[in-house]
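Here's the structure, in structure tokens; my notes come after.
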Amino acid sequence: MNTELNRSVPFIKTGQALQSLRDSGYSIEAALGEVIDNSIEAESNNIAIHLVEGKNKDGKKCVTKIVFIDDGTGMNTELLQYYPQIGFSTRYMSTNTIGKYGVGSKFAALNFARRFDVWSRVNVDDPWMHVYFDLDKTIETEQAGEEPMVETPKELRLQKEVRDLLTTEAKGTVVVWSRVDRLEDGRHALHYDELVQDIKKELARMFRHFIDGGIKISVNGQSLLAYDPLMIMKNSFQDKELKKYYLALTKDKADSRVKEHYDARVIDERSIKVEDSTVLLKVTLYPKEIIRSRGRGGDTLATKLRVPENEGAISFIRLGREVAYTNVPRIFPSRVENPDRFIGIEVSFSPDLDGYFGVRNVKRGVEPHGELRMKIREALRNPITQARKVIEDIWGEVSREEQEHQGEYNPITQAANEANKTMPKSRAISQQTAAEIEEVIDELAMDVVGSDSKLQQDYKAKIRKEPFVIESVSFAGKEFFDIKHLNGQVIIRINTRHPFYREMYKPIKDIAQSDPGTVTGDQAVKISRRTIEALTLLILSYGKAESMNNNPDEAYRDLTGYWGQFLHSLMGRVKDVL
């Protein structure tokens, strides 16, 4: 019998297992966040991260080393020795601390580096004590038949390049990730500078509550401003960028749009009970200075403020620390819509609800489950609907103030009005009184030119005798257009809120108004295909609307006949007027 089969073997091959666990699913920002978590738990007031730039063996620019410095309570020698140990944590499975698994900072380091060193001291006058973990050395030790162990911490002076980064002599902890082999240009970002910017952006949002509370976090020497997707915090990144934008736009510090703080409106704030715990839900609506007018939610300012990224996103906060900023499938009361990028949503919970939110050791992939998901979905229904309505009202108000759509159809209506002279005359008899007709005209003038009485008077005088009046205005409801027949005059309001207007008419208009040569072939083909889709859907939806009548053939025979007749006539007479 082979005695080799009876010998005991290690339950885990440490080196090979850790080599496999290098793919734990961390993004670089989430990995850095694990070390910041430890610094916050250690009561640090200042946390500095430095990404050291260099080149890899292929000559690509990359991050070769990452240095973390904090001024927290530090670790004594006994505690420091356990820092590299997988699974050790003084807060293991705690329900009132940020960390609880004892694996975060270790797996995070190994995801991007092959070695990490840790220096720590409890008092300013103490020497720096050092401990480390080296993946390659661990594999070599294991292959030699020995069990990898964490050595006793030893006194060791900080490396010179690290000493140069210290701003003060203080107690605390220094962590250095070296032999970083997964952050070369083109991997997590196009280049080093873009990578650093992405890291700043993500950390400023993930730790915004701590930054807002006074804890200083810096990346490569630059202190981070809190980035608040709810836009409630003062002195935030958004406040700074908005003030700079409007100051450059107006050149007047006294302009009402130049503010120190651009405060969002809280649409709803409520508690959701889950067993003996509470989930806090907050929904906000961005200020008018960001919402502005329709179609600007993806322009330069909106992109700088990361507004497009916020469309349908929910920020999940666990003990003040964002653990996910993501779209959750089927949690909105209806599908996610373009205006939702101006709505901030935050869900806060405590660690005892980790199971309900699916929190994993990498603090990613958070998604509420079961009954909790349904409770959040139901709680979002009214505030999302209300916020969307307010956004549409703001867009309509701005459109009226700027007279954005006035004259949009002038060339076509003028040609159609001229053609109408030789076409059959309308037979519709208005049922409204003279006062009611005047009220319709007044409302249209208000929609088109706003509250200026002189502009209203001029507009009404201009349209009174025209057989066709068509204007794009914003109004509530799902109608694509609204028609009023006023003693032979046809007034048509096109609803700018309707997706047919937003997705077909406006993109075509934008291309039609572009200079020749500025539209790519791909853009032209894409909008042409969407136009065919939209026009076909327009006809199909008309057919569906007819089918809602018990006897559509009898009810709409004249309508469709006249429609085709006048379309044929007008297309023959109105051409190349734009």
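In nm, what is the difference between 0.36 nm times the number of residues separating LYS216 and THR250 and their Cα-Cα distance?
9.0 nm
Modelled label-to-label distance, GLU260 and ILE508, 7 Å Cα→beta-carbon offset: nm?
So the label points at GLU260 and ILE508 sit 5.1 nm apart.
What list do you get for HIS50, HIS369 if you sort them by fewest beta carbons within 10 Å?
Neighbour counts put them in this order, fewest first: HIS369, HIS50.
When we measure straight from the Cα of LYS234, which aspartates and glutamates land under 12 angstrom away, once same-chain ones fewer than 8 places off are left out?
Answer for LYS234, where 12 Å is the Cα cut-off: ASP212, GLU260, ASP263, listed by chain and number.
Can you give me the distance in nm between label points at GLN85 and ILE492, each placed 7 Å from the Cα along the Cα-to-Cβ direction?
The modelled label-to-label distance comes out at 7.8 nm.
Counting just the Cα atoms, what span does region 488-559 cover along each of its three principal axes? Round to the nearest Å and put the largest first.
Per principal axis, max minus min of the Cα coordinates gives 50, 29, 22 Å.
Please compute the contact order of the chain in relative form: average sequence separation of alpha-carbon pairs under 8 Å and at least six residues apart, divided by the residue count, as a percent.
It comes to 10 percent, rounded to a whole number.
Residue-wise, which Karplus ³J(HN,Hα) couplings in Hz belong to region 544-557, taking 6.51 cos²θ - 1.76 cosθ + 1.60, θ = phi - 60°, and x for glycine or proline?
The phi angles translate into 5, 4, 4, 5, 6, 8, 5, 9, x, 4, 6, 6, 10, 4 Hz.
Where in region 265-364 are there GluC sites (Glu not before Pro) that are in a DSSP coil and have at most 12 other Cβ atoms within 10 angstrom of their Cβ?
Taking region 265-364 and a limit of 12 other Cβ atoms within 10 Å, the loop GluC sites (Glu not before Pro) found are GLU275.
How big is the dipole moment of region 427-476 about its Cα centre under a simple scheme where the beta carbon of each Lys and Arg is +1, that of each Asp and Glu is -1, and everything else is neutral? Debye, nearest 20, please.
It works out to roughly 280 debye.
With charges only on Cβ, +1 for K and R and -1 for D and E, what is the dipole size of the chain about its Cα centre, in debye, rounded to 20?
880
Under the Karplus relation 6.51 cos²θ - 1.76 cosθ + 1.60, θ = phi - 60°, what is the ordered set of whole-Hz ³J(HN,Hα) values for region 74-83, x standing for Gly and Pro?
Couplings: x, 10, 6, 4, 5, 5, 4, 5, 8, 4 Hz.
Which pairs in the list LYS244/LYS288; LYS55/LYS200; LYS65/LYS137; LYS288/LYS506; LYS55/LYS154 are over 20 Å apart, alpha-carbon to alpha-carbon?
Table pairs above 20 Å Cα-Cα are LYS55/LYS200; LYS288/LYS506; LYS55/LYS154.
If r is the Cβ-Cβ distance from GLN143 to ARG270 and R0 is 51 Å, what FRET efficiency results, to the nearest 0.05?
After rounding to 0.05, the efficiency reads 0.30.
Taking neighbour counts of Cβ atoms within 10 Å as a proxy for exposure, in what order, fewest first, do THR284, THR422, THR73 appear?
THR422, THR73, THR284
Taking 0.36 nm per intervening residue step and subtracting the Cα-Cα distance, what contour gain separates GLN565 from GLN431 on full extension?
Difference between extended and current length: 45.6 nm.
Suppose each label sits 7 Å from its Cα in the direction of the beta carbon; what would the GLU194-ASN45 distance come out to in nanometres?
A separation of 3.9 nm, rounded to one decimal place.
Compute the length gained on full extension between ASP442 and LYS478: take 0.36 nm times their separation in residues and subtract their Cα-Cα distance, giving the result in nm to one decimal.
So the extension gain works out to 10.7 nm.
Where does the chain land on the Kirkwood hydrodynamic radius, alpha-carbon pairs, in angstrom?
28.9
Read-outs throughout are calculated quantities, based only on the coordinates presented, and are distinct from any laboratory measurement. On a predicted model such as this, the values are computed, not experimentally measured, just so you know. With ideal geometry, Cβ positions are generated from the backbone for all residues, glycine too; neighbour counts draw on all protein chains shown.
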